[in-house]
Amino acid sequence: MKRPILIATCVLLGLASGCGSSSAAPDPGVRTEDAEAVDLDNLHIRVSGRAEVLPEATRLLQSRGESLPSLDGVPVSVEEPLRLSVRDANASLGTGALAADGEFSVDDVPVREVHQSVAVGIAAPGFVHTASVVYDTAFSGARPRTDLIDVRAMALPEAFHDALSAAVGEARLRGHTGDKAATLRDAGFVLGRVVDADGHPVSGARVTLDRDDLADRVYYPTTDFNSVTQEGTDADGLFLYVHTGADAETFRLSVDGADAYVPRNVGAAPGWGLFLTVFPGNYPPP
């Protein structure tokens, strides 16, 4: 996808604050006389941390006596979800590979290419392409200025995706996509977890979108993953958004009645899923 189209998309989606570059030198974080200005147009950062199979997927597969797909050597990509949604050829900002324990490090990630958020994408045989948000401009209103370290990314096994698709049901999936998709991957989806300040899942939480036309697409998987409701999160704190199976949609997602949770940037498009952890305050729990 060509850059002018992406810029136009940013403007139409109300993302001008993240899409453009500024000539003003940003605050380096601590004001000192000898502090260097940060040049966001040329800044490259390192993104490092650990990937793991989604714990609920591990639990489900183990309960079935199925083995988990290995993470060793699985490709990892630092991605811009907005670019990914609009199928921009430059959505990937850097690549690497997972170690056997899930550790990874990707250098020379160009911050200039970040418009809305930074995600770590995992796509390999045995896994559904899932991009885990590790930095969101919703908190700072700006691109990252330093390395992102100790980030966490989730890998979603095909078998767990299939279980979630079955829980939603083919009738609902076809209804939400105008009969274009019978699986979450083909529809496009967002899978998220609501946690408290200590990182514990919150049950009974409801997420709300800033677009009323999409509100009926939010579901809450039950702990056995046999069904979904639209009442609120179960013990795992998980929620699920089912996309249209068509063009990219972006919106903001909040936790109903909980002002401590900053509204988050979310996007969806067919062929992949976005994962995010929704927490109170501006910093992820330890």
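Is segment 73-81 home to any residue that is of a type outside the set (Gly, Ala, Ser), part of a helix (DSSP H, G or I) and within 30 Å of Ala142 (Cβ to Cβ)?
Let us first name the residues in segment 73-81 that are of a type outside the set (Gly, Ala, Ser), namely 74-76, 78-81.
Applying the additional criterion that residues be part of a helix (DSSP H, G or I) yields 81.
Filter once more, so that each one left must be within 30 Å of Ala142 (Cβ to Cβ): 81.
Checking segment 73-81: at least one residue is of a type outside the set (Gly, Ala, Ser), part of a helix (DSSP H, G or I) and within 30 Å of Ala142 (Cβ to Cβ).
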| query | Just for segment 99-115: of the residues that are among the aliphatic types (A, V, I, L, M) and within 16 Å of Arg46 (Cβ to Cβ), which one is surrounded by the fewest Cβ atoms within 10 Å (Cβ to Cβ)? | reply | Ala99
| field | Complete set of residues in segment 91-112 that are within 16 Å of Asp147 (Cβ to Cβ) and either touching a Lys or Arg at 6+ places or on another chain (Cβ under 8 Å) or not aliphatic (A, V, I, L, M) (or both) | value | Gly94, Gly96, Glu103, Phe104, Ser105, Val106, Asp107, Asp108, Val109, Pro110, Val111, Arg112
| Given (1) farther than 15 Å from Ala268 by Cβ; (2) touching a Ser or Thr at 6+ places or on another chain (Cβ under 8 Å); (3) of a type outside the set (Val, Ile, Thr); (4) crowded, with 20+ Cβ neighbours inside 10 Å, where does Ala182 come up short, assuming only one miss? | (4)
| remark: Condition set farther than 17 Å from Thr244 by Cα and among the β-branched types (Val, Ile, Thr), scope segment 147-177, selection surrounded by the fewest Cβ atoms within 10 Å (Cβ to Cβ): answer is Ile149
| request: Tell me which of these Arg217 doesn't satisfy, since it passes every other one: (1) open to solvent by 10 Å² or more (accessible area, probe 1.4 Å); (2) in contact with a helix residue (DSSP H, G or I) (Cβ under 7 Å, 6 or more places away or on another chain); (3) at pLDDT below 95; (4) not hydroxyl-bearing (Ser, Thr, Tyr). | output: (3)
| What single numbered condition from (1) out of contact with any helix residue (DSSP H, G or I) (no Cβ under 8 Å at 6 or more places or on another chain); (2) more than 30 Å from Leu43 (Cβ to Cβ); (3) surrounded by 13 or more Cβ atoms within 10 Å (Cβ to Cβ) fails to hold for Asp212? | (3)
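Table: residues versus (1) in contact with a His (Cβ under 7 Å, 6 or more places away or on another chain); (2) in a loop (DSSP other than H, G, I, E, B); (3) within 29 Å of Arg83 (Cα to Cα); (4) touching a residue at least 24 places away in the same chain (Cβ under 8 Å).
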| position | (1), (2), (3), (4) |
| --- | --- |
| Val194 | no, no, yes, yes |
| Ala197 | no, yes, no, yes |
| Ala205 | no, yes, no, yes |
| Thr208 | no, no, yes, yes |
| Ala215 | no, no, yes, no |
| Leu240 | no, no, yes, yes |
| Gly245 | no, yes, yes, yes |
| Thr250 | no, no, yes, yes |
| Ser254 | no, no, yes, yes |
| said: Exactly one of these conditions fails for Thr233: (1) in a loop (DSSP other than H, G, I, E, B); (2) buried (at least 19 other Cβ atoms within 10 Å of the Cβ); (3) within 17 Å of the chain's Cα centre (by Cα). Give me its number. | reply: (3)
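What about Asp224, is it exposed (fewer than 15 other Cβ atoms within 10 Å of the Cβ) and touching a residue at least 40 places away in the same chain (Cβ under 8 Å)? If you could, list the steps in order and put the result at the bottom.
Numbers: exposed (fewer than 15 other Cβ atoms within 10 Å of the Cβ): yes; touching a residue at least 40 places away in the same chain (Cβ under 8 Å): no.
No, not satisfied.
The values are calculated or read from the model by the stated rules, or taken from the named source; none is laboratory data. Everything numeric in this text was worked out from a predicted model, so none of it was measured. Don't worry about glycine lacking a Cβ; one is built from the backbone with ideal geometry, like all the others, and counts go over all protein chains shown. Quick note on the areas: whole protein, heavy atoms, side chains included, nothing else; ligands and nucleic acids left out. Shrake-Rupley method; radii C 1.70, N 1.55, O 1.52, S 1.80 Å.
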